[in-house]
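Visitor: Have a look at this one.
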Amino acid sequence: MPQNAQPTASHFINGHYVEDTAGAPIPVIYAATGEQIAQVHSATLAIVDQALQAAKAAQKAWAAMSGTERGRILRRAADIIRERNHELSVLETLDTGKPLQETLVADATSGADALEYFGGLAGSLTGEHIPLAGGDFVYTVREALGVCVGIGAWNYPTQIACWKGAPALACGNTMVFKPSETTPLCALKVAEILTEAGAPPGVFNVVQGLGDVGAALVTDPRVAKVSLTGSVPTGRKVYAAAAAEMKHVTMELGGKSPLIVFDDADVENAVSGAILGNFYSTGQVCSNGTRVFVQKGIKQAFLKRLAERLGTAVIGDPLDEATSFGPMVSEGQLNIVLNYIAKGVEEGARLAFGGKRLDRDGWYLQPTVFADVTDDMVIAREEIFGPVMAVLDFEDEEEVIARANATEFGLAAGVFTNDLTRAHRVIGQLEAGSCFINTYNLAPVEAPFGGVKASGVGRENSKLAINHYSEMRSVYVSMNDVEAPF
Ligand code: NDP
């Protein structure tokens, strides 16, 4: 990787890389080897203050630019990201361990899509004119919220920074973004590229740190909005902290999503959907369909074809483009998943594929399928966040809808069937924000993404994200004398 492809310091504040070694060191470990490849330092309170100060100072002038000008900068950043896709994808692979085969098409590119999409919208963010009796009228003005904080999970570090940064900046907000301490590198490149594209100093800042740094950002009175991608327990804490000061929030949290395969489904497509929804990014995707409900008539064919296809996964060096299945992000996450696999065996689920750690360096685990899983088992109830699919049998439609909805989560849901009316009837009854018919886990920037129930609040992507990064001022204009009671 060329030297300039790596971030050169821990933080990016006010248009520059900033180092402060007073903060606790955070090692960056390459998941494929277990070797340390970089080190950053956690932000001290002074660094947090510096970043928020920069974002606050930059916000009014950024919002005062025309939307078209702001949008041009975002779209230029998208172009730079696309030009450098290869080196950014290598960095994403080093940060997360995800195979280059994936990162080349799913990470920097989806970040660029968000910058391009919201850059395109920025010039058309308007209010409306509301005519009233007697010639009076109200006009509304769409205004930025102010300084926004973005806090990311470790599975899609570039994408998460862009999904939060792009709509925030398009609306005239500035942002301080804190990546997960597990994957601190990629968001720094997003900040660097936005600056190169013309974003004024302070518009997009990155500070490193663990939950304590996140908490310091969330509770700061200069912050108007917090957007978190993370687990439900963290979401509860961050939402509560934000509520204490009436801050706006977007919460993109975890899930245990159902993927329902009816007897009449195309087996090959259903297996493809289940693979996408359980093993892409080594299963570390929030919207994964990890409870795969398979109707009894298709169960044998489904499991047979699934095992055959999983046998062709190429597990290996993520930097080799032939590799289609990489390691877990960290040793800690590997152990969490291994514990869940042990729990599944202990509870009597049938291990139909995989289940073992690989005897090699790095945090490698086999893609794993449990069959004959029942609703009460821990592996069917809790988010595992790894490559572990639970296959559950079902008999009929009404039963599977009730069982699919019997969870606190509500992020995603999928249905595979060739019966057109059943597809829409079933999907309409599933309690989930992001739904799929005859496919799974596609998240184009044009479509809203987000969860219901404990899986989240608000939506990312699409025009709806604009509502979560702006608010309306209404101005009543009287064309008549003022009537008063006395
Ligand atoms: P965590 O909830 O552990 O952490 C998320 C982020 O919040 C991290 O940057 C973390 O810092 C930070 N954080 C932790 N505690 C606090 C706090 N008290 N105040 C402020 N910030 C805090 O999630 P993971 O990083 O382990 O990511 C996996 C989770 O993310 C899964 O549950 C997954 O479903 C969810 N996710 C949801 C997505 C969605 O769009 N719905 C997409 C991707 C993942 P640090 O970790 O550095 O300590």
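The values are calculated or read from the model by the stated rules, or taken from the named source; none is laboratory data. Computed from a predicted structure; not experimentally measured. Positions of Cβ are generated from backbone atoms using ideal geometry, with glycine treated the same way; all protein chains shown enter the neighbour counts. Remember, those area values only see protein heavy atoms, side chains included, never the ligands or the DNA or RNA. Shrake-Rupley method; radii C 1.70, N 1.55, O 1.52, S 1.80 Å.
Visitor: As an exercise, find the ratio Rg/Rh for the range 283-427 from alpha-carbon atoms, using the Kirkwood inverse-distance average for Rh.
Guide: Expressed as Rg/Rh, it is 0.98.
Visitor: Excluding residues fewer than 8 places away in the same chain, name every one of the aspartates and glutamates whose C-alpha is closer than 16 Å to that of residue 98.
Guide: Answer for residue 98, where 16 Å is the Cα cut-off: 35, 87, 107, 317, 320, 321, 331, 361, listed by chain and number.
Visitor: To test your reading of the geometry: what angle, between 0 and 90 degrees and rounded to tens, separates the Cα axis of helix 85-96 from the longest principal axis of the chain?
Guide: Computed tilt is about 70 degrees.
Visitor: What percentage of the solvent-accessible surface of the range 233-342, computed with a 1.4 Å probe over protein heavy atoms, is contributed by carbon and sulfur atoms?
Guide: Details: 2300 of 4100 Å².
Carbon plus sulfur share of accessible area: 56 percent.
Visitor: Work out how far the C-alpha atoms of the range 79-197 reach from end to end along every principal axis, then list the three figures in whole Å, largest first.
Guide: Principal extents (largest minus smallest coordinate, Cα): 65, 26, 23 Å.
Visitor: A follow-up question, please. For the range 143-152, in order, what is each residue's ³J(HN,Hα) by Karplus, 6.51 cos²θ - 1.76 cosθ + 1.60 with θ = phi - 60°, in whole Hz (x at glycine and Pro)?
Guide: 10, 5, 7, x, 8, 10, 10, x, 10, x
Visitor: Hey, another quick one. For n ≥ 4 DSSP H runs only, could you compute -39500 (n - 2.57) per run for the chain, divide by its residues and tell me the 222 nm figure to the nearest 500?
Guide: Numbers: 16 runs with 183 residues, N = 486.
After summing the helix terms and dividing by residue count, I get -11500 deg cm²/dmol.
Visitor: Ok, one more. Can you compute the modelled spin-label distance between residue 45 and residue 345, with each label point 7 Å from Cα toward Cβ, in nm?
Guide: 4.8
Visitor: Related question: Grab every C-alpha pair in the range 11-99, bin the distances at 5 angstrom width from 0 up to the longest one, and report whole percents.
Guide: Histogramming the range 11-99 at 5 Å steps yields 3, 11, 13, 15, 17, 18, 14, 7, 2, 0 percent.
Visitor: Just tell me which aspartates and glutamates come within less than 17 Å, Cα to Cα, of residue 56; anything on the same chain fewer than 8 places away is out.
Guide: Straight-distance partners of residue 56: 143, 220.
Visitor: Per the Kirkwood treatment, what hydrodynamic radius in Å, one decimal, follows for the range 292-362 from the mean inverse distance over all distinct Cα pairs? Walk me through the numbers before you get to the answer.
Guide: On the way: mean 1/r = 0.0696 Å⁻¹.
Every distinct Cα pair counted, the radius reaches 14.4 Å.
Visitor: With a 1.4 Å probe and every protein chain left in place, work out the accessible area per residue of the range 29-92 in Å², rounded to a whole number.
Guide: Details: 2930 Å² over 64 residues.
Accessible surface, normalised per residue, equals 46 Å².
Visitor: Over the Cα atoms of the chain, Rg to Rh with Kirkwood Rh, two decimal places?
Guide: Answer for the chain: 1.01.
Visitor: I would also like to ask the following. Express the Stokes-Einstein translational diffusion coefficient of the range 213-262 in µm² s⁻¹, to the nearest whole number, given a Kirkwood radius over alpha-carbon pairs, 20 °C and a viscosity of 1.002 mPa s.
Guide: Working: Rh = 11.8 Å.
Estimated via Stokes-Einstein, D reaches 181 µm²/s.
Visitor: Follow-up. So with the 1.4 Å probe, I'd like the accessible area per residue for the range 115-205, rounded to whole Å².
Guide: Numbers: 2370 Å² over 91 residues.
Per residue, the range 115-205 has 26 Å² of solvent-accessible surface.
Visitor: For the range 375-423, what % of the accessible area comes from carbon and sulfur atoms, probe 1.4 Å?
Guide: Numbers: 880 of 1800 Å².
Carbon-and-sulfur percentage of accessible area, whole number: 49.
Visitor: Here's something else I'd like to know. In straight Cα distance, which aspartates and glutamates are under 12 Å from residue 463, not counting same-chain residues fewer than 8 positions off?
Guide: 446
Visitor: Something else: Please give the peptides 384-394, 325-335, 29-39 ranked by average Cβ packing (other Cβ atoms within 10 Å per residue), highest first, as a rough proxy for protection. Don't skip to the answer; put the middle values down first.
Guide: Values: 384-394: 23.9, 325-335: 21.4, 29-39: 16.8.
For the peptides 384-394, 325-335, 29-39, the packing ranking is 384-394, 325-335, 29-39.
Visitor: Filter the cross-link list 296/356; 256/356; 256/343; 164/189; 304/343; 225/453 down to pairs whose alpha-carbon distance in this structure exceeds 26 Å.
Guide: Details: 296/356 28 Å; 256/356 22 Å; 256/343 17 Å; 164/189 15 Å; 304/343 24 Å; 225/453 21 Å.
Among 296/356; 256/356; 256/343; 164/189; 304/343; 225/453, the Cα-Cα distance tops 26 Å for 296/356.
Visitor: Counting only protein heavy atoms, what percent of the accessible surface of the range 53-129 is carbon or sulfur at a 1.4 Å probe? Could you put the intermediate results ahead of the total?
Guide: Working: 1520 of 3050 Å².
Accessible surface attributable to carbon and sulfur in the range 53-129 totals 50 percent.
Visitor: Using Cα atoms only, what is the angle between the long axis of helix 67-83 and the major principal axis of the chain, expressed in degrees (0 to 90) to the nearest 10?
Guide: That works out to roughly 40 degrees.
Visitor: Ranked highest first by the average count of other Cβ atoms within 10 Å around their residues, in what order do 279-286, 161-168 fall?
Guide: On the way: 279-286: 24.2, 161-168: 30.6.
Averaged packing, sorted descending, gives the order 161-168, 279-286.
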